[in-house]
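To start, the structure itself, in structure tokens.
The values are calculated or read from the model by the stated rules, or taken from the named source; none is laboratory data. A quick note: this is a predicted structure, and the numbers were derived from the prediction, not measured. For neighbour counting, all protein chains shown are included, and Cβ atoms are generated from backbone atoms with ideal geometry for every residue, glycine included. Keep in mind that these areas ignore ligands, DNA and RNA; they rest on the heavy atoms of the full protein, side chains included. Shrake-Rupley method; radii C 1.70, N 1.55, O 1.52, S 1.80 Å.
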Amino acid sequence: MRFITARLMRDEDLLATLSVPQPDLLATLAGKTVALVGNARALTNSRHGQDIDAHDVVVRVNLAPMPYVESHGARTDWLGLAVRLPGRDRARIEPGRILWMSHKRKRLDYLSARSKGFYLHPLDDYEALKDQLGAQPTTGAMLIELLLRSDLARLDLYGFDFFASQSLTGSRSAEQVPHDFSAEAAWVEDLLNTDPRLSLHRPHN
């Protein structure tokens, strides 16, 4: 009941007690190679799966569709969420750690919040990136920003085409979602030019 009340009332102090501290989370990535796998439909046409699973840490987004091992790989060490995680998807994905990235605390479920290594992304960090992009950031963008705060050795992005091929997890168009994909594409391009640890693997490559 305390969890339900804290979630409904957006009691950040109480919810934060369920979360691993951000510095502790990021410290686990020091010196490691990380694959962040987005949900662009075009990734299905690739053969990146083996390269994805070869990373030290594999991070996926929301319901993490993995239609083919050859294109998407099979491992999920971290799962960045902004949607409810149905039981069948939890069993399919088997995430080693759940990161709740959404500012919408009412969507957070008890199983995720009480899972081992659970992380709750601070609202201040969400708002800062929202201001920078001029629109609500995608889960993928929030994860990129978070992961690059760490001392990781390399961050490889797969399945990111900024909605050019839409998402494997829905049928909505870019005009039907509250994100500015052009702004996110430009932001990532700037990061590619300034942070040598970051690489973008085009979904069609």
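Just one of the listed residues (33, 44, 5) is of a type in the set (Ser, Thr, Tyr) and closer than 24 Å to residue 167 by Cα, and it is 44. For region 18-29, residues that are open to solvent by 50 Å² or more (accessible area, probe 1.4 Å) and either more than 18 Å from residue 115 (Cα to Cα) or over 22 Å from the mean Cα position of the chain (by Cα) (or both) total 2. Note on region 1-17: among residues that are on the phi < 0 side of the Ramachandran plot and among the basic types (Lys, Arg), the one that is most open to solvent (accessible area, probe 1.4 Å) is 2. Among the residues of region 104-143, those that are touching a helix residue (DSSP H, G or I) at 6+ places or on another chain (Cβ under 7 Å), hydrophobic (A, V, I, L, M, F, W, C) and in contact (Cβ under 8 Å) with a residue 40 or more places away in the chain comprise 108, 113, 118, 120, 123, 133, 135, 141, 142. Residues in region 124-140 that are more than 16 Å from residue 79 (Cβ to Cβ), open to solvent by less than 40 Å² (accessible area, probe 1.4 Å) and assigned to a helix (DSSP H, G or I): 125, 126, 129, 133. Among the residues examined, residue 111 qualifies as open to solvent by 40 Å² or more (accessible area, probe 1.4 Å), of a type in the set (A, V, I, L, M) and either over 15 Å from the mean Cα position of the chain (by Cα) or within 22 Å of residue 28 (Cβ to Cβ) (or both). Can we say residue 24 is of a type in the set (Asp, Glu) and under 24 Å from residue 88 (Cα atoms)? In short, no. The condition of being within 21 Å of residue 142 (Cβ to Cβ) and either free of Cβ contacts under 8 Å to residues at least 60 places away in the same chain or of a type in the set (Ser, Thr, Tyr) (or both) does not hold for residue 47. Among the residues making up region 64-104, those that are under 21 Å from residue 179 (Cβ atoms) and either in contact with a Ser or Thr (Cβ under 8 Å, 6 or more places away or on another chain) or open to solvent by less than 10 Å² (accessible area, probe 1.4 Å) (or both) are 64, 65, 79, 80, 81, 82, 83, 85, 99, 100, 101, 102. As for region 52-73, it holds no residue that is at positive phi and either charged (D, E, K, R) or at pLDDT below 95 (or both).
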